[in-house]
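The values are calculated or read from the model by the stated rules, or taken from the named source; none is laboratory data. All values derive from a computational prediction rather than experimental measurement. FYI the Cβ positions are ideal-geometry reconstructions off the backbone, even for glycines, and counts take in every protein chain you see.
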């Protein structure tokens, strides 16, 4: 079955892809609307950017922008960062104000699969992450993932951030479902699936143990998670990639195509505890 779209529908699909990603980022956290924006907040995890950010911004006049920024200061006094999620729908005057205020930009590449995956799924054991033993195995892999990320971006080790990322991942399940790919019963890679919203699903958070890459584990997980999304009612399926890293090429080769850019505008505050 194919879910291809006509050219005039591409913008609509971009809207829906961005919306499902924003909803995914908010899962497990407090959300509320104020001052022309959506606030995502979790006071228990101040180090995590995705758990404490502002998105869906409509403030455009100087007065509206001032009110929003003032409200942000009150609502995020527990964090050492300020982050805004920006896409092509955000008023340009607001984006310009962030640059004036010294915010730094980091992009995410939003990709969508409308048809079937191109690569054949390898015969690899896939199982749910569901027991406490499973979560301990996930935590061990997640720690490897975080250490690798820190080395790649040449960042000083922050083990507390890695621990918080594990806890935040657990908050998302359900409705998100995490999966392992296993060799001889040993979990060596993970990924997650979510049926999403309005018929658009999402697959996210792919990691394979560095010593077991290029054995089909990631490919098997992608196939399985896309099937899960569609079994639960999704047509198009979204994945978000780091444009500075290599997995985006694998996703494109499998049939995901770039549809939009979601930008994270971040300012770290001069406090002793840094956020992520």
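Laid out as a table, the results:
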item	result
Residue check, residue 150 touching a helix residue (DSSP H, G or I) at 6+ places or on another chain (Cβ under 9 Å), over 17 Å from residue 213 (Cα atoms) and touching a residue at least 40 places away in the same chain (Cβ under 8 Å)	no
Check on residue 164, surrounded by 16 or more Cβ atoms within 10 Å (Cβ to Cβ), in contact with a strand residue (DSSP E or B) (Cβ under 7 Å, 6 or more places away or on another chain) and under 29 Å from residue 73 (Cβ atoms)	no
Residue identified as within 28 Å of residue 31 (Cβ to Cβ), out of contact with any strand residue (DSSP E or B) (no Cβ under 9 Å at 6 or more places or on another chain) and not in a helix (DSSP H, G or I) among 108, 60	60
Residue check, residue 261 surrounded by fewer than 18 Cβ atoms within 10 Å (Cβ to Cβ), within 13 Å of the chain's Cα centre (by Cα) and closer than 24 Å to residue 98 by Cβ	yes
In segment 25-57, residue surrounded by the most Cβ atoms within 10 Å (Cβ to Cβ) [restricted to those that are under 25 Å from residue 96 (Cβ atoms) and out of contact with any helix residue (DSSP H, G or I) (no Cβ under 8 Å at 6 or more places or on another chain)]	52
Where a residue in segment 106-132 is assigned by TED's automatic domain parsing to the domain that holds residue 214 and loosely packed, with under 14 Cβ neighbours inside 10 Å and its partner, wherever it lies, is at pLDDT below 95 and part of a strand (DSSP E or B), with Cβ under 8 Å and at least six apart	none
Residues of segment 216-229 classified as surrounded by fewer than 20 Cβ atoms within 10 Å (Cβ to Cβ) and in contact with a strand residue (DSSP E or B) (Cβ under 7 Å, 6 or more places away or on another chain), total	1
Any hit, segment 60-78, residues being surrounded by 12 or more Cβ atoms within 10 Å (Cβ to Cβ), within 15 Å of residue 264 (Cα to Cα) and assigned by TED's automatic domain parsing to the domain that holds residue 31	no
Lone unmet requirement of (1) part of a loop (DSSP other than H, G, I, E, B); (2) over 22 Å from the mean Cα position of the chain (by Cα); (3) under 19 Å from residue 260 (Cβ atoms) for residue 89	(2)
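A quick yes/no check of all residues on (1) under 14 Å from the mean Cα position of the chain (by Cα); (2) surrounded by fewer than 21 Cβ atoms within 10 Å (Cβ to Cβ):
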residue: 156; (1), (2): no, yes
residue: 159; (1), (2): no, yes
residue: 175; (1), (2): no, yes
residue: 181; (1), (2): no, no
residue: 184; (1), (2): no, yes
residue: 189; (1), (2): no, no
residue: 193; (1), (2): yes, no
